[in-house]
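Notes for the one structure printed next.
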Amino acid sequence: MIQAPKGTKDVLPQESYLWQHVENTMRKAAAVAGYREVRTPVFEHTELFQRGVGDTTDIVQKEMYTFLDKGERSITLKPEGTAGVVRAVIEHSLYADTLPVKMFYLNAPIFRYEKPQSGRLREHHQFGMECFGAKEPSAEAELITTLLAILTELGLENLRVHINSIGCPVCRPVYHAKLKEYLTQYKEQLCADCKERLDRNPLRVLDCKVEGCKRIAADAPVMLDHLCEECDTHFSGLQALLNGQQVPFRVDSHIVRGLDYYTKTVFEIIMQSGREGLALCGGGRYDGLVEQLGGPALPGVGFGIGTERILMELSNQGIVVEEPSVSDVFVAQITADDKADAFNVMQKLRNEGIKAECDHVGRSLKAQFKYANKINAKFIVMVGGDEGLRGMVRVRNLTTREESEMTSGDAIIYIRNNGEAGK
Ligand code: HAM
């Protein structure tokens, strides 16, 4: 038996309505905020992520699905959404348009070779919003309020945004040196990964989940105490805007994020249920990335959120989404000879936008009724028999149990007026 690869998941017909519900909510919120959809390829040249996401990150070092294609080019399946969008901005000179350029991607497949566990998949799907050309903190505030609007609309509660500033190329090197000095004293107590991080990216030690490292990180100097004036003003500006909107947030100096491109603001929402400390979403500002990838100096800011984690959180918080009916009307053929007429009535209903089905498997009339009940149809339209000879059909309303004879044209009107069907 061939099974789906480890860490991947099928979305089956009985659950796809949940995905659509989440997607619709995201689309609406993004449109209200003036973001338009962008779709970029599932694979890119490996170099994009090495240069964009950063050579020292876990994603690039350990988690990428990289292979040589038949033309001997190194190709990587997208391990995150931002780098591809930045590449597209540069390649199509989108920065020449009126700024800011605001884009979202919806359920982009993302691939990371991680140890599969609850909430951690090898293929997951992200909704992300990216804004280019906006240096003001209102761009972050807009992203955060849109994100919260989506999650609140979905019914999620107890949401709190953790925000931090990790500085810029002016203030971060000074802080890095201080942090490294502090961490070096405890080098022997750090985990193997953090020992490596110490040299290449000491900030990442603050994010380590290993208990010993967490204890050391607790007393480490924090970036917030070392921000330059510009970064400090920016961060205060963001907080003032969030306060003005009564956004529930907490300044959390340990949010550093696992990708190298961030500058100034970073933020996460942590899941309230399920595995401890798992992020529901993450994002931040990346003012140097466009230039780093060969474009002009153009600030950027965005976030990504995993659809699978949203669905986990909805389920853990007991939020029920009503499943739409598959078909509202079942058109039954009284005998096999009535098939063409039944098919014709079904087609008329569908032409009016009413969800209708007919028999495809040669069921008896009784079995067709059973099937209609099983699919939760609200009406059965019987075609054929004596009514058929008179040019009529028989309509049974399965909610009221009423039954009457009418023309197929009147049946459409009756069904439209007496149920959710076709509304
Ligand atoms: P990230 O924090 O690596 O950021 O991922 C964003 C979100 O994707 C996470 O918060 C989580 O919901 C989901 N996610 C990540 N890894 C997995 C996984 N293995 N299984 C299931 N869900 C997962 C980024 O990718 C950045 N590109 C976000 C961003 C956009 N920053 C600026 N713009």
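The values are calculated or read from the model by the stated rules, or taken from the named source; none is laboratory data. Please read these numbers as outputs of a predicted model, since none were measured by experiment. Neighbour counts run over all protein chains shown; Cβ positions are idealised from the backbone, glycine included. Side chains are part of the model used for accessible areas, which takes the heavy atoms of the whole protein and leaves out ligands, DNA and RNA. Shrake-Rupley method; radii C 1.70, N 1.55, O 1.52, S 1.80 Å.
Taken together, the residues in segment 354-375 that are at pLDDT below 95 and open to solvent by less than 60 Å² (accessible area, probe 1.4 Å) amount to 1. Does Asp219 count as at pLDDT below 95, more than 17 Å from Gly119 (Cα to Cα), within 16 Å of the ligand (Cβ to nearest atom) and outside the structural domain of Thr145 (by TED's automatic domain parsing)? Here the answer is no, as Asp219 does not meet what is asked.
Could you list all residues from segment 281-298 that are away from the ligand (no atom under 12 Å from the Cβ) and touching a Lys or Arg at 6+ places or on another chain (Cβ under 8 Å)?
So in segment 281-298, the residues away from the ligand (no atom under 12 Å from the Cβ) come out as 288, 290-298.
Gln292, Leu293, listed by residue number.
Listed by first and then second residue, the pairs linking a residue in segment 172-200 that is farther than 17 Å from Thr56 by Cα to a residue that is open to solvent by 70 Å² or more (accessible area, probe 1.4 Å) and among the acidic types (Asp, Glu), with Cβ atoms under 9 Å apart and 6 or more places separating them unless they lie on different chains, are Tyr175/Asp225; Tyr182/Asp219. Summed over segment 354-382, the residues that are in contact with a strand residue (DSSP E or B) (Cβ under 9 Å, 6 or more places away or on another chain) and among the small types (Gly, Ala, Ser) give a count of 3. Test Gly54 against the stated conditions and say whether it is on the phi > 0 side of the Ramachandran plot and of a type outside the set (Val, Ile, Thr). Criteria met by Gly54. Selection of segment 59-76 for residues being open to solvent by 40 Å² or more (accessible area, probe 1.4 Å) and within 16 Å of the ligand (Cβ to nearest atom) yields Gln61, Lys62, Tyr65.
Every test in (1) touching a helix residue (DSSP H, G or I) at 6+ places or on another chain (Cβ under 6 Å); (2) of a type outside the set (Asp, Glu); (3) open to solvent by 20 Å² or more (accessible area, probe 1.4 Å) is passed by Met312 save one, and that test is (1). From the list Leu314, Leu278, the one residue that fits, being more than 23 Å from Phe235 (Cα to Cα) and touching a Leu at 6+ places or on another chain (Cβ under 8 Å), is Leu314.
Considering only residues in segment 185-194 that are assigned to a helix (DSSP H, G or I) and closer than 14 Å to Ala217 by Cβ, the one that is most open to solvent (accessible area, probe 1.4 Å) turns out to be Gln189.
Matching residues to (1) farther than 23 Å from Arg309 by Cβ; (2) assigned to a loop (DSSP other than H, G, I, E, B):
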site	(1), (2)
Leu18	no, no
His21	no, no
Met26	no, no
Arg51	yes, no
Thr56	yes, yes
Ile59	no, no
Glu72	yes, yes
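Criterion applied to Thr307, Thr263 was being modelled with pLDDT of 95 or more, among the polar types (S, T, N, Q) and near the ligand (Cβ under 10 Å from one of its atoms), and the one residue passing it is Thr307. When segment 114-153 is filtered for residues that are open to solvent by 50 Å² or more (accessible area, probe 1.4 Å), within 13 Å of the ligand (Cβ to nearest atom), touching a residue at least 60 places away in the same chain (Cβ under 8 Å) and assigned to a loop (DSSP other than H, G, I, E, B), only Ser118 remains.
Within segment 90-99, the presence of a residue that is within 15 Å of the ligand (Cβ to nearest atom), assigned by TED's automatic domain parsing to the domain that holds Phe303 and either closer than 27 Å to Arg250 by Cα or in contact (Cβ under 8 Å) with a residue 24 or more places away in the chain (or both) is excluded.
Evaluating Leu106 against the criteria (1) in a strand (DSSP E or B); (2) within 12 Å of the ligand (Cβ to nearest atom) leaves one unmet condition, (2).
Annotation note: Cβ proximity below 7 Å between a residue of segment 403-414 that is surrounded by 14 or more Cβ atoms within 10 Å (Cβ to Cβ) and a residue that is among the hydroxyl-bearing types (Ser, Thr, Tyr) and assigned to a helix (DSSP H, G or I) (sequence gap 6+ or interchain) occurs for Met406/Tyr414. Residues in segment 34-47 that are in contact (Cβ under 8 Å) with a residue 60 or more places away in the chain and either open to solvent by less than 20 Å² (accessible area, probe 1.4 Å) or under 26 Å from Glu323 (Cα atoms) (or both): Tyr35 alone.
Inspect segment 318-328 for any residue being among the charged types (D, E, K, R), surrounded by 14 or more Cβ atoms within 10 Å (Cβ to Cβ), modelled with pLDDT of 95 or more and over 30 Å from His21 (Cβ atoms) and give the result as yes or no.
Step one: filter segment 318-328 for residues among the charged types (D, E, K, R), giving 322-323, 328.
Add one more test, that the residue is surrounded by 14 or more Cβ atoms within 10 Å (Cβ to Cβ), and what stays is 328.
Okay, now just the ones that are also modelled with pLDDT of 95 or more, so 328.
Filter once more, keeping what is over 30 Å from His21 (Cβ atoms): none.
Within segment 318-328 (the criterion being among the charged types (D, E, K, R), surrounded by 14 or more Cβ atoms within 10 Å (Cβ to Cβ), modelled with pLDDT of 95 or more and over 30 Å from His21 (Cβ atoms)), the answer is no, since none of the residues qualifies.
For segment 241-255, check the following and say yes or no: at least one residue is buried (at least 22 other Cβ atoms within 10 Å of the Cβ) and within 15 Å of the ligand (Cβ to nearest atom). Spell out how you get there, then give the answer.
Residues of segment 241-255 buried (at least 22 other Cβ atoms within 10 Å of the Cβ): 255.
Those still in the list that are within 15 Å of the ligand (Cβ to nearest atom) too: 255.
There is at least one residue in segment 241-255 that is buried (at least 22 other Cβ atoms within 10 Å of the Cβ) and within 15 Å of the ligand (Cβ to nearest atom).
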